[in-house]
Structures are given as C-alpha cells and as structure tokens.
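To start, the structure under review is shown below, and the notes come after it.
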Amino acid sequence: MPPLLPDVMQLGQPALPELAHDCSRCADLCCLAYPFDQGEEFAINKATDHPCSNLNASGGCQIHANLSKRGFPGCVAYSCAGAGQRITQDLFDGESWREDPDLLHHMTHALRVLRPIHEALLILKEALNIPMPDAERQTCLTLMHALCPEDATSIWDFEEPEVQDALAQVPTFIPQLAPYVQRAR
C-alpha cells in the first residue's frame, strides 16, 4: 500500500475527534438520515431524510427507554461514533434542521459522509494496540492523519480525495494486520 503522505518519517497519532456518540449534543441526525425497512431490526418503514415517527417534536426519541421491546433493536445497536455531535456542534455551529429546515439535507448528508470516517478512526485507533512492525504502524498512522484533515470546517473537507482515498484503504489495510493479532495471542 503506497503511503498517502510523501516523505513522512515518524508520525505520531493525530489529534482525534471525539469518537463516542453524545446524543445530547446532536440534532437527532441518525433519526433522519438513514432509511429502514420494517423487519427484525425496525418495527416500521422509514425513508431517507425523513424524521422517524418516534422522534419527539422537541428532540429525542419518545420510546428510547423501550427501543428493543418496541421492535427497534437496530436503533439500540447504532452508534455514530461521535459524528452526529461533531456535525451539529462543529460543522454547523450548533444550528439545527429544527430551527432551519433548509439544513436538514445538508446535515444528514454530512452524517452519511462523516460517520464512516469516524468508524474507520475507531478501528485504526484500536489497531494501534496490536504489536506490529513499524511499517504497518506508520501506514496506520498515515491513514489516521489523512482521515483527520487539519482545520476542517465543512463537510467538503471530508469529501476531499485524500480523505476518501484513505477511507477506501482501511478495509484493505486492516486484514493485513491479522498475522500480528494471531502472534500476540
């Protein structure tokens, strides 16, 4: 795998965004962005970019305490890995689609772009705990740096080819670490 950043000697871990969800600082983006079909994971059908029927008018899920019992184990299993609050608080400066409906599609698009990046960062962060050769460690760190563009203020910063190329490389890179995991056992 070719390095993403030329002439990088020894990279340290980049400053990572918060990688745990905090629904209290989000604008209920997961309850809007994704479609779901009625079945084992969800009790209803929901279209992309439409509020879930369980979403309170003032924010939050009205059945959150009973999601599994009410047929929504898919919601219980979901985590945005911190992307939701990063979008709401950082990229949209605390603004919400609730106050400005024109933001809805922009915010949900941002979630669909940023969530996979946050998930990849979580995986790469965990991978750093694997005893691996320096070359693989540097590849891991290079990918992490590419997924953390400096001074990112817009979702467009995360749609840049360098970021998306790094994201596309993670599923190929991680399986390459399997031999080192097996040796560590």
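We did not get these values from a lab; they are worked out from the coordinates using the rules stated. Just so you know, these numbers come straight off a predicted model, no measurement behind them. Reconstructed Cβ throughout: ideal geometry from the backbone, glycine too, with neighbour counts over all protein chains shown.
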**OP:** May I ask you to derive the FRET efficiency for residue 112 and residue 70 from their Cβ-Cβ distance with R0 = 22 Å, giving the value to the nearest 0.05?
**Re:** 0.30
**OP:** Tell me, rounded to the nearest percent, the portion of alpha carbon pairs in the chain spaced more than 20 Å apart.
**Re:** 58
**OP:** Using +1 at the Cβ of each Lys and Arg and -1 at the Cβ of each Asp and Glu in the chain, identify which of 143, 60, 11 lies farthest towards the dipole's positive end.
**Re:** 60
**OP:** Once you have the Cα-Cα distance between residue 156 and residue 182, take 0.36 nm times their residue separation minus that, and quote the gain in nm to one decimal.
**Re:** 5.5 nm
Original post:
What is the spread of the Cα atoms of the range 140-185 along each of their three principal axes, largest first, in whole Å?
Top reply: 42, 16, 12
**OP:** Rounding to the nearest 20 debye, state how big the charge dipole of the range 86-185 is about its Cα centre with +1 on each Lys and Arg Cβ and -1 on each Asp and Glu Cβ.
**Re:** 820
Original post:
Dividing the convex hull volume of the alpha carbon atoms of the range 50-134 by its residue count, what do you get in Å³ per residue?
Top reply: 129
Original post:
Do you know the relative contact order of the chain, to the nearest whole percent, from alpha carbon pairs under 8 angstrom that are 6+ apart?
Top reply: 26
Original post:
Which value, in debye to the nearest 20, describes the size of the charge dipole of the chain about its Cα centre when Lys and Arg Cβ atoms bear +1, Asp and Glu Cβ atoms bear -1, and nothing else is charged?
Top reply: 960
Subject >> Cα pair count fraction exceeding 21 Å, expressed as % - the range 102-185 >> reply: 34
